[in-house]
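Report on the structure given below.
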Amino acid sequence: MQQRPAEAGHGEPGPIPPGDVGLAPGTAPTDRPFSTAGTPESAWRDWRPGWAEFDLTNPPRGVVVVAPHPDDEVLGVGGLLVLLRSLGVTISVVAVTDGDASHPGSPTLSAAELARRRIAEQHAALVVLGLGDVEVHRAGLGDGRVAGHEETLAAQVEPLLTPDCWILTTYRHDRHPDHEATGRAAALAAGEAGSRLIEYPVWTWHWAVPDDPRVPWSRARTVPLPVAAQQAKRQAVECYRSQIAPLSDHPADTAVLTPEILARLLRPAETVFV
Ligand SMILES: [Zn+2]
């Protein structure tokens, strides 16, 4: 997930209304994200868009999930990964960054310590999802600095792809620079390999609103999660203690994933853009 939305002005899907995101002037690109609470889950819950279900009747042989930060794979598609595994799909993960910039200025953990912590959390979360045996490819890009390295990332992802596999990645207009750059890189790799690209929104639930014309809802498909998958996802999120709980009482150590943010990401259904 990680610390800061994209800035307005990349053209699509439209500018963020002033004050919507709350990025302070001069804020470093790796600083944490939203000073506003965002669209409450209650607003999304009351919305009935009537999307079709994501079709899993002909699953691919393999799925590569590309996560800009450790936790995005769980927050975005943790439940879907459980379903895919139950269908016999081979899953692999590309960890784009190690998430070392979630707590800049922390007096508790250095960036290197944070990265080690988050890598361990990611492994624990995958174990909880029943995916402890999946291959995790660490791309080693800088947290907050994925943009500009799309071709480098695509070159690392493409060898993992085949024409009969799917690639799951963050939505290219999710308004977090790393999420968007990761989506662009995945699209590049998918295009080269002939793989099917499927995007998942994470921060979109924060800045968008129901029926938001800036979001391609016509591409949205819903993934209803069985109770067991919901529970596994919730437990996997619990593994990310560095993100859901404060590191200390210091202001730089506050939790990144607040209950309001988690409420949007722990719904009984996930959403993908096909
Ligand atoms: Zn992220």
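Readers should treat all values here as calculations from the given coordinates under stated rules, not as data from a laboratory. Please read these numbers as outputs of a predicted model, since none were measured by experiment. Reconstructed Cβ throughout: ideal geometry from the backbone, glycine too, with neighbour counts over all protein chains shown.
Residue-normalised convex hull volume from the C-alpha trace of segment 87-162: 98 Å³ per residue. Only helical runs count toward this figure. For the chain, summing -39,500 (n - 2.57) over DSSP H runs of n ≥ 4 and dividing by all residues gives -9500 deg cm²/dmol at 222 nm. Relative contact order for the chain: 26 percent, from Cα pairs under 8 Å spaced at least 6 residues apart, divided by residue count. Using a 10 angstrom cutoff on alpha carbons, build the Gaussian network for the chain and name the most mobile of Ala37, Ala101, Ala181. Evaluated over the chain, the most mobile residue of the options is Ala37. Rounded, prolate or oblate: which fits segment 149-228 when a ≥ b ≥ c are the square roots of the eigenvalues of the alpha-carbon gyration tensor, with rounded for a/c under 1.5 and prolate only if a/b beats b/c? It comes out oblate by the Cα gyration axes. The fewest-to-most ranking of Thr182, Thr36 by surrounding Cβ atoms within 10 Å reads Thr36, Thr182.
Place a +1 charge on the Cβ of each Lys and Arg in segment 159-202 and a -1 charge on the Cβ of each Asp and Glu, then give the dipole magnitude about the Cα centre in debye, rounded to the nearest 20. Intermediate results must be reported in sequence, preceding the final value.
Numbers: 4 positive and 6 negative charges, 14 e Å.
That gives a dipole near 60 debye.
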